[in-house]
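Here the structure is laid out as structure tokens; the discussion comes afterwards.
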Amino acid sequence: SGKLAEAINASFGSLDEFKTQFKNAGATQFGSGWAWLVADKAGKLTVEKTPNAVTPIVEGKTPILTMDVWEHAYYLDVQNRRPDYMNTFVEKLIDWDSVGKRFEAATA
């Protein structure tokens, strides 16, 4: 709810579409890396992916959520089933209150 929910709907059409794009970013990141939800000063949100230790910060962007898709993040729990890990991450582990606070800080 609130400003973050409005921005998600404006940028992706719905929360479900955001989830689809975010999981797709993680699933299509070859090898180690990250999926990101990035905000610009105007409140526009985008989903990005980066390899290895690269972050959107090096491009002057503000990440407000990240999902680690390095194998160490999930192997002990789900072995090599990255999609299972990503589904659990998106459906059960995101602290939306914290993401909302980071969004507000990024757009202040």
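The values are calculated or read from the model by the stated rules, or taken from the named source; none is laboratory data. As the structure is a prediction and not an experimental result, all values here were calculated from the model. Cβ: placed from backbone, ideal geometry, glycine included. Neighbour counts: every protein chain shown. Just the protein is used for accessible areas: all its heavy atoms, side chains included, with ligands, DNA and RNA removed. Shrake-Rupley method; radii C 1.70, N 1.55, O 1.52, S 1.80 Å.
Remarks
- Taking the range 1-35 as the range and being of a type in the set (Phe, Trp, Tyr) and open to solvent by less than 50 Å² (accessible area, probe 1.4 Å) as the test, the residues that pass are Phe12, Phe18, Phe22.
- Within the range 3-16, residues that are under 18 Å from Asn87 (Cα atoms) sit with their Cβ atoms under 6 Å from residues that are surrounded by 13 or more Cβ atoms within 10 Å (Cβ to Cβ) and aliphatic (A, V, I, L, M), at 6+ positions apart or across chains, in these pairs: Leu15/Ile8.
- Residue match in the range 45-55 (condition: in contact (Cβ under 8 Å) with a residue 24 or more places away in the chain, surrounded by 16 or more Cβ atoms within 10 Å (Cβ to Cβ) and among the β-branched types (Val, Ile, Thr)): yes
- Within the range 92-108, the set of residues being acidic (Asp, Glu) and either open to solvent by less than 60 Å² (accessible area, probe 1.4 Å) or over 12 Å from the mean Cα position of the chain (by Cα) (or both) comprises Asp97, Glu104.
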